[in-house]
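Please treat every number below as a calculation from the coordinates, not as lab data. What you are looking at is a predicted structure, and each value in this text was computed from that prediction instead of being measured. Quick reminder, even Gly has a Cβ in these numbers, built from the backbone with ideal geometry, and neighbours come from all protein chains shown.
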Amino acid sequence: MNEVKLLVFEATKIVEKGLRKSCINLKSGYNDQLLSMRRNFISLTLIICAFCVLIWLLSPKWYLLHPDVKIKASFRKELALLGSKAIASLDVPVGAILVYHDSIIGSGYNTVNKNHDAGGHAEINAISDALQRLGTEQFRLLDHSQLVLYSTFEPCPMCRGAMEEYHIKKAVFIKSKSFSNWLEVGLKHLRYEWFKQQSENDMLQDSLFRLYPGYKE
């Protein structure tokens, strides 16, 4: 009887040892699998980040994917005339026109030095000229898919912002900016995003909004 008990005890120990070994192997396999999943996740994240950075770096040159646009002779003549006007005040000689259904509705040239105006770029002046000619409400009612901004020089971020604000989707320019310029612009944008700060959450802007007749909650 004692021998039977001893055999059962030994068998139990062997089974227990085997189970422990199996658990250790399972745990080790699970840890290896988890580690592999983490490595794959990190690799995938890095690849996605690198792809996004590449797209961001190349985005200023996407226009190269489109065929060149031929500017009408009358538009080129107007652009040349506008650009030459800027030279008198030692402003950068850039001219711009805003065209709607093949008709010029706004024109401008650089007037930063002339008018001591930080926003006096040719493209912004062309948009402002169209607003003054048509009125803000009438301009808003235009078919904005038919608006094209022509410029002798590729618009800067400020001018692009004005185009976005007034829903002007298409720009045609004669001379492009260098790739290094757009890298510098991108770094400045990142610097702005890093250093911008919000003040304490008071109700100043909300109270001003409520004074505005067109304000909507």
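Which residues in the stretch 68-92 have a backbone N closer than 12 Å to a point placed 7 Å from the Cα of residue 176 along the Cα-to-Cβ line?
It comes to 68-69, nothing else.
Answer with one residue from 194, 124, 215: the one whose Cα lies farthest towards the positive end of the charge dipole of the stretch 77-217, charges on Cβ with Lys, Arg +1 and Asp, Glu -1.
The Cα lying farthest towards the positive end belongs to 124.
Name the shape class, rounded, prolate or oblate, that the alpha-carbon gyration tensor gives for the stretch 70-217, where a ≥ b ≥ c are the square roots of its eigenvalues, rounded holds for a/c under 1.5, and otherwise prolate holds if a/b is larger than b/c and oblate otherwise. Could the numbers behind the result be given before it?
Values: a/c = 1.95, a/b = 1.35, b/c = 1.45.
Oblate, since a/c reaches 1.5 and b/c is not below a/b.
When the Cα centres of the stretch 93-122 and the stretch 124-192 are compared, how far apart do they sit, in Å?
One Cα centre to the other: 10 Å.
If I stretch the segment between residue 37 and residue 211 completely, what's the gain in nm (0.36 nm per residue apart, minus their alpha carbon distance), one decimal?
57.1 nm
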